[in-house]
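Below you'll find the structure, written out as structure tokens, and then a few comments.
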Amino acid sequence: MKRFKINLEYMVDKVLYKTNVFETEHFNIDYIATENHIKLDIKPCVPMENVTFKMTVPYDFRSNDRIFLNGFQSWTECREQFIDDEPIRLNFKQEALRKVIPTSAYGDYNFVKYDHRKGCFHGFSYGYIRNEKEFDLFGSLSERFGYTIIRMNVPDREIIFQRDLEGVVIDKEYTLIDVVHFSGSENEVYDKYFSAMNIPAPRVGRTNGYTTWYNYYQNITEDIVTTDLESLSKVESKIDIFQIDDGYQTAVGDWLSIDSKKFPCGMKYIADIIHNKGMKAGLWLAPLGAQINSKVAKEHPDWLIHNGNGKKLLCGLNWGGFYGLDIEKEEVREYVRHFFHVVLNEWKYDMVKLDFLYAASVIPRNGKSRGQLMCEAMDFIRECVGDKLILGCGVPLHPAFGKVDYCRIGADIGLEWSKFKVHLEDVSTRTTLCNTIFRRGLDGRAFANDPDVFLLRDNNMTMGFTQRKISATVNHIFGSLLFTSDNVGDYNREKMDVLTHIFNNGQPELISAEFITKDLMEIKYMENGEEKRLCYDANTGELML
């Protein structure tokens, strides 16, 4: 990476400047440039505003290369692609819907320009180029100065690194880019990357469990929980965690206001009965969000994030719409600390699933970039949770490295194989399986990967049993958090055998996983001394022999 060029645009005293040099009357740039590392630190002489920066490195792509770039957040679609593929982007219908339905907050649509040309891909924080079994991995060492956007442009034979600096005034030394490049086998490049970041291996390993969400959704009750808990406790497997998902609270944001009709004995009682079955108790929260009709949103509008026009910032359409809590304010931080204290220390939950975390950084504010806000939010969350377990979800992944124990690395699984998606972060079985396969390098390094649940039941389900088994097998091969949402008391012998096989056997040894055509996924792996092969059409879920 010694060969590179830069382009910098900025404003000083409302005058726009463009340059590609390392020193002007306004700044100088110190840099490190080796084969494996480039770091550029800018030292301003005057405050610089509206800064945009990119660094371009030449790259000789080969015809049989495959390209992977990490998507914006947990749910964002990302997969390995052929060099002549269309980039992953919204289609015409999705773009049209986005103009009338406010879905932009889920992804990068408002601050990244998409290149629609074939062979022009973009992603965040890290990515690789693979040729057979040789990997070239490129990755950011830190997102605290702003998200690192990586573009791999095959037609132009170049890789571009950009820093999202919107909202930042550079008036002191600032790191414009800090990226590394490693070549070697898959394990070699990922091991070197996480070693360079000094990210310790996660303290958790392969974990079995259950979550209420993908059967009952918000329609959970104390009776449902106790019934499914009793059924699961009889499985001839070690069950580590039983998690209560969304639906126990009166509104998102009002975490200590429990729906007494659904849970008359309260949430500590639920944790106690889970513990009595020898399992850890997990609880879902979206700690940085507040539902429009929540008590906290109505009583404390000043606690909410506001956009540049002074309006409350809508962070998504879930629950009829929700706002982001502004944890830049100390009153908000105290509120968040308090409900975490109650959940973890009074109710005695062992793990919290923390969802919709991207809400911390939808817009830059207070002179901080989106990336800085997200990194600081993850620092704060870990401070609140202490040594209890965190399952992160709906979060930009790099800021979560080393901060969460488990992390979702794909979209929510659907009850069907494939449906029309409104945006790239939408519910999709197809998407989450691809993400699970191609974000596998994070597992056991950044955190333990959560591929989302596998579902084997017949009721409340559209997928055929073959498709359900494909999903379960992918989770078994690539996941470390293995959850179901089924009432296993309804299982027949075949389904119970699949469940216990996944729960009782360790992670298989991967040989290879790739698209052998645009749609055909082939996975080869070793299990119990036997080489196995899973081949299926990613679009249809049809098993191929």
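The values are calculated or read from the model by the stated rules, or taken from the named source; none is laboratory data. Predicted model only: the values in this text are computed from it and were never measured. A quick note on method: Cβ atoms are made from the backbone with ideal geometry, for glycine too, and the neighbour counts reach across all protein chains shown. Surface areas here come from the heavy atoms of the whole protein model, side chains and all, with no ligands, DNA or RNA. Shrake-Rupley method; radii C 1.70, N 1.55, O 1.52, S 1.80 Å.
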### Task
Give, in nm to one decimal, the length gained when the segment between E134 and V169 is fully stretched (0.36 nm per residue of separation minus the Cα-Cα distance).
8.5 nm
### Query
For M544 and S183 in the same chain, what is the full-extension length gain: residue separation times 0.36 nm, less their Cα-Cα distance, in nm?
126.6 nm
## Note on the structure
So the angle from the long Cα axis of helix 370-385 to the longest Cα principal axis of the chain, reported in degrees to the nearest 10, equals 40
## Note on the structure
At the level of C-alpha centres, the distance separating the stretch 1-74 and the stretch 356-422, in angstrom, is 26
### Task
Relative to the longest principal axis of the C-alpha atoms of the chain, give the angle of the C-alpha long axis of helix 429-438, reported between 0 and 90° and rounded to the nearest 10°.
60
#### Entry: Distance in nm between pseudo-label sites at T226 and V46 (7 Å out along the Cβ direction from Cα)
7.3
### Query
List the GluC sites (Glu not before Pro) in the stretch 50-154 that DSSP assigns to loop (not H, G, I, E or B) and whose Cβ has at most 16 other Cβ atoms within 10 Å. Which are they?
E132
### Message
Could you compute the net charge surrounding L481? Neighbours are other residues with a C-beta less than 11 Å from the C-beta of L481; K and R count +1, D and E count -1.
### Response
-2
### Query
Do any chymotrypsin sites (Phe, Trp or Tyr not before Pro) in the stretch 151-249 lie in a loop, going by DSSP, with at most 13 other beta-carbon atoms within 10 Å of their beta carbon, and if so which?
Y217
### Message
Rounding to the nearest 10 and keeping the result within 0 to 90°, find how far the Cα-based axis of helix 266-276 lies from the longest principal axis of the chain.
### Response
70
### Task
May I ask you to evaluate 6.51 cos²θ - 1.76 cosθ + 1.60, the Karplus curve with θ = phi - 60°, for each residue of the stretch 8-16 and list the ³J(HN,Hα) values in order in whole Hz, giving x for glycine and proline?
10, 10, 6, 10, 10, 6, 6, 9, 8
### Query
When the Karplus curve 6.51 cos²θ - 1.76 cosθ + 1.60 is applied with θ = phi - 60°, which whole-Hz ³J(HN,Hα) does each residue of the stretch 40-57 get, with x for Gly and Pro?
10, 10, 9, 10, x, 8, 9, x, 10, 10, 6, 7, 10, 9, 8, 10, 10, 10
### Summary
When the charge dipole of the chain is computed with +1 at the Cβ of Lys and Arg and -1 at the Cβ of Asp and Glu, the Cα pointing farthest to the positive end, of G308, T56, L510, is that of G308
#### Entry: Length added when fully stretched, K2-R117, from 0.36 nm per residue minus Cα-Cα
38.6 nm
#### Entry: ³J(HN,Hα), Karplus 6.51/-1.76/1.60, whole Hz, each residue of the stretch 470-482, x for Gly, Pro
4, 4, 5, 5, 4, 4, 4, 6, 10, x, 10, 10, 10
### Message
How far apart, in nanometres, would the label points at E530 and D379 be if each is projected 7 angstrom from Cα along the Cα-to-Cβ direction?
### Response
5.2
### Task
Determine the dipole magnitude for the stretch 1-160: charges of +1 sit on the beta-carbon of Lys and Arg, -1 on that of Asp and Glu, nothing else is charged, the reference point is the Cα centre, and the result goes in debye to the nearest 20.
320
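Mind putting a number on the dipole of the chain about its Cα centre? Charges go on the C-beta only, +1 for Lys and Arg and -1 for Asp and Glu, and I need it in Debye to the nearest 20.
Value, rounded to 20: 520 debye.
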### Message
With only alpha-carbon pairs counted, each pair once and no self-pairs, how large is the Kirkwood hydrodynamic radius of the stretch 64-134 in angstroms?
### Response
13.3
### Summary
Rounded to one decimal in nm, the spacing of the 7 Å Cα→Cβ label points at D191 and K518 is 3.8
## Note on the structure
Restricting to lysines and to Cα separations under 21 Å from K388, and discarding same-chain partners fewer than 8 apart, the set is K238, K268, K277, K280, K348, K353, K403
#### Entry: Proximal aspartates and glutamates relative to K118, as straight alpha-carbon distance under 13 Å, when same-chain residues fewer than 8 apart are discounted
D84, D85, E86, D156
### Task
Whenever you get a sec, line up I32, I413 from highest to lowest accessible area (probe 1.4 Å, protein heavy atoms).
I32, I413
### Task
For the stretch 115-177 and the stretch 471-491, compute the distance between their C-alpha centroids and round to whole Å.
34
### Summary
Rounded to whole Å², per residue accessible area for the chain with a 1.4 Å probe reads 39
### E330-N20 FRET efficiency (beta carbon distance; Förster radius 51 Å; 0.05 resolution)
0.75
### Query
Calculated from DSSP H runs of 4 or more alone, at -39500 (n - 2.57) each and per residue, what is the 222 nm mean residue ellipticity of the chain, nearest 500?
-6500 deg cm²/dmol
### Task
Could you please put D426, D84 in sequence from largest to smallest accessible area, using a 1.4 Å probe?
D84, D426
### Query
What does the accessible area of K329 come to, in Å² to the nearest 10, when a probe of 1.4 Å is used?
70
